[in-house]
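What follows draws every value from the coordinates through simple rules; no lab data is involved. Please read all numbers here as calculations on a predicted model, not as lab measurements. In this analysis, Cβ positions are derived from the backbone assuming ideal geometry, glycine residues included, and neighbour counts consider all displayed protein chains.
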Amino acid sequence: MQPSKGRPCGGGAGQESRVEPLDGHEPVPAEEAGQLRYDDPWYDALASGWGESSDEAQAQPVVPSARTEGDAEAAAADVYLEVQRSAAFQEVRQRYRKFVVPASVAFFTWYVGYVVTATTAPELMARPVAGAVNVAMVAGLGQFLSTFLLTWAYARHARLRRDRAALELRWDTQELTRGVSGGAS
Amino acid sequence: MTEEHQTLALLLFSAFVAVTLGITTWVSRNRRGSAEEFYAGGRLFSPMENGFAIAGDYMSAASFLGVTGLIALFGYDGLLYVVGFLVAWLVVLFLVAELVRNCGRFTLADVVAARMRERPVRIAAGTSSVTVSVLYLVAQMVGAGSLVALLLGGTSDAARAWTVIGVGALMVIYVSLGGMRATTWIQIVKAVLLLGGTIALTALVLMRFHGDLNRLLLTAAERSGHGAAFLAPGLKYGEDWTARFDFISLGLALVLGTAGLPHILSRFYTVPTARAARRSVVWAVGLIGGFYLMTIVLGFGAAAILGPDTVRASNAAGNTAVPLLALDLGGGAGSTGGTVLFAIVAAVAFATILAVVAGITLASSASVAHDLYASLRRRGGKPRSEVTVARIAAVGVGAVAIALGLLARDLNVAFLVGLAFAVAASANLPVLLYSLFWRGFTTRGAVWAVYGGLAPAVVLVVLSPVVSGSPDSLFPGIDLQLFPLQNPGLVSIPLGFLAGWLGTVTSAEVPDEVKHAETEVRSLTGAGAA
């Protein structure tokens, strides 16, 4: 509803964000505000003087008063662009993607291949391997095994390669947004 | 079934209800009544607690009763289901859990609305979340009905109807009084009970065959009357191309749907950080994987020990295979061991249904209050507290689920769950992934992605043999059937992704670079997370 740039991601719970005119502006009906944003994404960023809603404070107790002016909000939004373009963030994103993309492609192909083979080539799947165990059983248990292995590998990769850098970025970003929103007193 | 079974099972079940109601009152004793508290339990659960709760939320009666029944009746084709249920967690772990935790507050719509115009996006995502939840709820209700039919011997319609109503009333009490905190503890208790019961039964099955899995499989194949074909795919889904495509469709829905289930997504908001969300998924994968491996043993065990004819005679869809197996493993009907085991399994299954049902009701009441009511209520109307609306919504969702549960009571629960997954995968997953990963995604794209997946999924189900045109349909009398498959996933999931892409490239809206940066930075670092 409220087109403020600096609100928390997903923070616009209709209830809380429903327009509290903090500094005397009339509440703008949601649709109208939305329309403005639709026409010109920059317009309301500068015009939305009625600041951040109470859920900013609720979501981020570390931020003292969130009563910001338009300029400060635009600056807070710039923080995210700045962080996004920073080498440290690009590194974290690249590490995440380098693991997740190939791993997702691999398990999804393996799963679809398994399902398609099971339904279209049952005679292949019925070929015995040892005793009562046939190719289908081996493939099914293989799916379980690959899921466990990939879960372990992902958790390990995230813990060793991403967590520390992400945490540092988190604090840096929050420091920066706090700085520009003028609440760092 | 004898009187003793019923009495003991009812006693055990009453004990579970008493304990969970106790938890509910204890937890809600000094509740602050904030939305944070009601939807997310204060966000202070540990990864292990949340992992058990996720497992408790996910291991539904459909898997415990429905899938084991399918394995007992159709052998390997039931196992295909189980694989999909587990592999789906990789999608959740890799692409969804951490990012959603960082980016949203209570619901799926939070994540999308952060980048888009809020109102249309919330209405769309809220609608699809409620649809998915109601479908899933109906599956659980049907499971409760068929369980009580077995428990009370005669399949008297009145008894089943009252069970469905009773389960619905209990879930409304849990959710509206205890919120997420009570729901989570009920799910944890249930996960422990269910895993304990499954471990005990699996151990008994293995002991019966002296630990020889090979002999278990051979006996199952022999008793099934299908020979080696029982251990290979094809009995249920191999007859013709329609059946084959039906299974491929279901497989896709299972693997992609989990990440779009509202009650699973809402569980990630109950832990403090994305790292905790990841660790809870790792716990959940371990617990769920172990559970499904055991259900495979139980399914083949039921085929080997009882034989498919006994299973089918009790319930045509196979939903009662596990309770019957427990009766036999304990020493057969009339023996003390059999009575006790049967009663335990029946009570655990009830507990399962209650816990899952509470989780879904909570998630859908969050969608109604946090997304739909907040966006749709009349401006200038008397504002109500969101938590109050959520409590009222829980009652409404309960009533709808009871009504539909009574209507659909003869369908196999595993199949109904497949349907809920298909809608989740078509309507919720595309919009979620696009919002998290696509820089150029726009509001129109988001709205189209939701409706473009939801509408085909629902329409195709209405036009499918499930609803009409075959003797097993919901309405066998009429014939609207145009779409041959029971599960719409194969068509509706690609349509959902396509609609999102189409809506985006045709809209004049310039994607907001700043908001995309915000979503991306927040999702990967956790900056400013609620």
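For the stretch A:115-132, name all the residues that are out of contact with any strand residue (DSSP E or B) (no Cβ under 8 Å at 6 or more places or on another chain) and at the interface with another protein chain (Cβ under 7 Å from one of its Cβ atoms).
Applying the first criterion (out of contact with any strand residue (DSSP E or B) (no Cβ under 8 Å at 6 or more places or on another chain)) to the stretch A:115-132 yields A:115-124, A:129-132.
Passing the criteria: A:115, A:116, A:118, A:119, A:120, A:122, A:131, A:132.
Residues are listed down the side, and each one gets a yes or a no for (1) under 29 Å from residue A:154 (Cα atoms); (2) of a type outside the set (A, V, I, L, M); (3) out of contact with any Asp or Glu (no Cβ under 6 Å at 6 or more places or on another chain):
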{"residue": "B:79", "(1), (2), (3)": "yes, no, yes"}
{"residue": "B:89", "(1), (2), (3)": "yes, yes, yes"}
{"residue": "B:100", "(1), (2), (3)": "yes, no, yes"}
{"residue": "B:106", "(1), (2), (3)": "yes, yes, yes"}
{"residue": "B:112", "(1), (2), (3)": "yes, no, yes"}
{"residue": "B:124", "(1), (2), (3)": "no, no, yes"}
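Scanning for something closer than 22 Å to residue B:110 by Cβ and of a type in the set (Val, Ile, Thr), does the stretch B:472-486 turn up at least one residue?
Start the filter on the stretch B:472-486 by keeping residues that are closer than 22 Å to residue B:110 by Cβ, which leaves none.
Checked the stretch B:472-486: no residue is closer than 22 Å to residue B:110 by Cβ and of a type in the set (Val, Ile, Thr).
Against the definition (surrounded by fewer than 16 Cβ atoms within 10 Å (Cβ to Cβ) and within 20 Å of residue B:84 (Cα to Cα)), how does residue A:160 come out, yes or no?
Details: surrounded by fewer than 16 Cβ atoms within 10 Å (Cβ to Cβ): yes; within 20 Å of residue B:84 (Cα to Cα): no.
In short, no.
Output the qualifying pairs, or none if there are none: Cβ atoms under 9 angstrom, residues six or more apart or on different chains, first residue in the stretch B:515-530 and more than 7 Å from chain A (Cβ to nearest Cβ), second residue of a type in the set (Asp, Glu).
B:523/B:98
For the stretch B:301-395, give me every one of the helices (runs of 4 or more DSSP H) that falls completely inside it and has 3 or more residues that are away from chain A (no Cβ under 14 Å) and of a type in the set (Ser, Thr, Tyr). Talk me through it step by step, then tell me what you get.
Numbers: elements: B:308-314, B:321-329, B:336-366.
Per the criteria, B:336-366.
Could you say whether any residue in the stretch A:149-156 is more than 19 Å from the chain's Cα centre (by Cα), surrounded by 16 or more Cβ atoms within 10 Å (Cβ to Cβ) and closer than 19 Å to residue B:96 by Cβ? Show your work before the answer.
Applying the first criterion (more than 19 Å from the chain's Cα centre (by Cα)) to the stretch A:149-156 yields A:149-153, A:156.
With surrounded by 16 or more Cβ atoms within 10 Å (Cβ to Cβ) added as a condition, the list becomes A:150-151.
Next cut, closer than 19 Å to residue B:96 by Cβ only: A:150-151.
Checking the stretch A:149-156: at least one residue is more than 19 Å from the chain's Cα centre (by Cα), surrounded by 16 or more Cβ atoms within 10 Å (Cβ to Cβ) and closer than 19 Å to residue B:96 by Cβ.
State whether the residues of the stretch B:247-254 include one that is surrounded by fewer than 20 Cβ atoms within 10 Å (Cβ to Cβ), in a helix (DSSP H, G or I) and in contact with a helix residue (DSSP H, G or I) (Cβ under 9 Å, 6 or more places away or on another chain). First the steps, then the outcome.
Filtering the stretch B:247-254 down to residues surrounded by fewer than 20 Cβ atoms within 10 Å (Cβ to Cβ) leaves none.
For the stretch B:247-254, residues surrounded by fewer than 20 Cβ atoms within 10 Å (Cβ to Cβ), in a helix (DSSP H, G or I) and in contact with a helix residue (DSSP H, G or I) (Cβ under 9 Å, 6 or more places away or on another chain): absent.
Just checking, which of B:311, B:285, B:387 is within 21 Å of the chain's Cα centre (by Cα) and among the β-branched types (Val, Ile, Thr)? Give the steps one after another, and end with the answer.
Working: B:311 fails: within 21 Å of the chain's Cα centre (by Cα); B:387 fails: within 21 Å of the chain's Cα centre (by Cα).
Selected residue: B:285, the only one of B:311, B:285, B:387 that is within 21 Å of the chain's Cα centre (by Cα) and among the β-branched types (Val, Ile, Thr).
For the stretch B:351-376, give me the residue count where each residue is aliphatic (A, V, I, L, M) and farther than 12 Å from residue B:179 by Cα. Give the derivation first.
So the first thing to find is which residues in the stretch B:351-376 are aliphatic (A, V, I, L, M), and the list is B:351, B:353-358, B:360, B:362-363, B:366, B:368-369, B:372, B:374, B:376.
Those still in the list that are farther than 12 Å from residue B:179 by Cα too: B:351, B:353-357, B:368-369, B:372, B:374, B:376.
Residues that pass the stated criteria total 11.
Regarding the stretch B:188-204, can at least one residue be identified that is free of Cβ contacts under 8 Å to residues at least 40 places away in the same chain, part of a helix (DSSP H, G or I) and more than 29 Å from the chain's Cα centre (by Cα)?
Scanning the stretch B:188-204, I find no residue that is free of Cβ contacts under 8 Å to residues at least 40 places away in the same chain, part of a helix (DSSP H, G or I) and more than 29 Å from the chain's Cα centre (by Cα), so the answer is no.
It is to be established whether one or more residues within the stretch B:281-297 are farther than 23 Å from residue A:148 by Cβ and either within 12 Å of another protein chain (Cβ to nearest Cβ) or surrounded by 24 or more Cβ atoms within 10 Å (Cβ to Cβ) (or both). Quick ask: steps written out before the conclusion?
Keep residues of the stretch B:281-297 that are farther than 23 Å from residue A:148 by Cβ, which gives none.
The answer is no, given that none of the residues of the stretch B:281-297 is farther than 23 Å from residue A:148 by Cβ and either within 12 Å of another protein chain (Cβ to nearest Cβ) or surrounded by 24 or more Cβ atoms within 10 Å (Cβ to Cβ) (or both).
For the list (1) more than 30 Å from residue B:27 (Cα to Cα); (2) aromatic (Phe, Trp, Tyr); (3) without any contact (Cβ under 8 Å) to a residue 24 or more places away in the chain; (4) more than 11 Å from chain A (Cβ to nearest Cβ), I need the number of the one condition that residue B:74 fails.
Among (1) more than 30 Å from residue B:27 (Cα to Cα); (2) aromatic (Phe, Trp, Tyr); (3) without any contact (Cβ under 8 Å) to a residue 24 or more places away in the chain; (4) more than 11 Å from chain A (Cβ to nearest Cβ), the lone unmet condition for residue B:74 is (3).
Any idea which of B:182, B:139, B:159 is in contact (Cβ under 8 Å) with a residue 40 or more places away in the chain, within 24 Å of residue B:18 (Cβ to Cβ) and in a helix (DSSP H, G or I)?
Details: B:139 fails: within 24 Å of residue B:18 (Cβ to Cβ); B:159 fails: in contact (Cβ under 8 Å) with a residue 40 or more places away in the chain.
Exactly one of B:182, B:139, B:159 is in contact (Cβ under 8 Å) with a residue 40 or more places away in the chain, within 24 Å of residue B:18 (Cβ to Cβ) and in a helix (DSSP H, G or I), namely B:182.
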